[in-house]
Amino acid sequence: MTAESFRLDTATAPIAVRVWGDGPAIVLVPGGLQTAADFDRLASHLAGDFTAIAVDRRGRGDSRDLPPLGGLDAEAHDILAVTRAFDAQLLFGLSSGALIALRAAELASEDLDAVVLYEPPLATPEYANDFDWIDDVGELLNAGRCVDALTLMIEVIADHPIVRLLPRSVLRFASKVAIRFGRSANGDPLSVIVPTFAQDARVVQEARETARQLPAGKTRFLLVNGDRAAEPLVGALDALDRSLPSTERRTLSRVGHLGAVNGGKPARVAVLLREFFARSVQ
């Protein structure tokens, strides 16, 4: 099975999507440094039972010509425009994509029946300063220091124990090589993708304020983390578990922050999504 890729004319902007399968529609929202193609394996695992719609967010993938203007609310409205175009009531977001999915539910909870949030980087009072590194990355990118920005991201996000043992000089060299020669899942050079993380930094910043307006409607939430998740990410899910009206929790063993993307464990994530979303379409 292959994906169908096209630009979707919505009320907010012509957003590019990759569509797999047939059945009730699930919209998939990628996180930082990701495009719709990073969800190809996840979408293919869902395609037997659902229509899986992976979104190229503003400024990346086939939406690269769209300016990343408006921050969190603009991206949430983009996602809601996609859900309405496909009559989708099911939503999945990874990392900063989970913050966008959460904001979409805040803005239009009546439109969404079930939402899965995978490790949203939501700053909570207990971990108020633990996401400051994202602000630092945004500042580095705005200053054109992409190698330093990627190095910092690897230092913080990498959940492989070997990577954590490497000295910064090695990580910086690897970042320099990756930006020069690396490519993202859709084939775009990493030199094009890395600067888009400045938008993710803005999303994380703005989510600190909008999280005070958590949805109180009918939407069911599944909160997911891997057992390699950093403590502040688990803390964010704990806070959401206490604040959202209808939640379930799942922890995946031997899985890290990027469990849902092609290089992670998307088949295992798909099992959770299929089980949770099936209750919305029975």
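Every number here is computed from the coordinates shown, using simple stated rules; none is lab data. None of the values given here were measured: they were computed from a predicted structure. Please note: Cβ atoms are built from the backbone with ideal geometry, for glycine as well, and neighbour counts cover all protein chains shown.
Which of the peptides 200-206, 268-274 is most tightly packed, and how do the rest follow, judged by the mean count of other Cβ atoms within 10 Å per residue?
200-206, 268-274
Grab the beta carbon distance between ASP135 and GLU248, set R0 = 41 Å, and tell me the FRET efficiency rounded to 0.05.
Details: r = 31 Å, r/R0 = 0.76.
Result of the calculation: an efficiency of 0.85.
So what's the back-of-envelope 222 nm ellipticity for the chain, counting only DSSP H runs of four-plus at -39500 (n - 2.57) apiece and dividing by all residues, rounded to 500?
-13500 deg cm²/dmol
With Cα Rg over 2.2 N^0.38 Å as the read-out, I listed (1) 0.98; (2) 0.93; (3) 2.01; which label goes with the value calculated from this structure?
Correct label, based on the coordinates given: (2).
Return one number: the angle in degrees, 0 to 90 and rounded to the nearest 10, between the long axis of the Cα atoms of helix 71-85 and the longest principal axis of the Cα atoms of the chain.
Roughly 40 degrees between the two axes.
How much space per residue, in cubic angstrom, does the convex hull of the C-alpha atoms of region 1-148 take up?
On the way: hull volume 17.9 nm³, N = 148.
Enclosed volume per residue, from the Cα hull, is 121 Å³.
Evaluate the relative contact order of the chain (contact order divided by residue number), counting alpha-carbon pairs under 8 angstrom at least 6 apart; express in whole percent.
This gives 20 percent for the chain.
For the Cα atoms of the chain, what angle does the longest principal axis make with the long axis of helix 266-281, in degrees from 0 to 90, nearest 10?
Helix 266-281 sits roughly 30 degrees off the main axis of the chain.
Stretch GLU110-VAL271 to full length: gain in nm at 0.36 nm per residue minus the Cα-Cα span?
Computed gain between GLU110 and VAL271 is 55.4 nm.
Taking Cα atoms, how many degrees apart are the long axis of helix 197-210 and the longest axis of the chain, rounded to 10 and kept between 0 and 90?
With both axes taken from Cα atoms, the answer is about 60 degrees.
Sort 3-9, 219-225, 230-236 for me by packing, meaning the mean count of neighbouring Cβ atoms within 10 Å per residue, highest on top.
Result, highest mean Cβ count within 10 Å first: 219-225, 230-236, 3-9.
Reported to two decimal places, what Rg/Rh ratio describes region 132-194 when computed on Cα atoms with Rh from the Kirkwood expression?
On the way: Rg = 11.6 Å, Rh = 12.0 Å.
With Rg and the Kirkwood Rh in hand, the quotient comes to 0.96.
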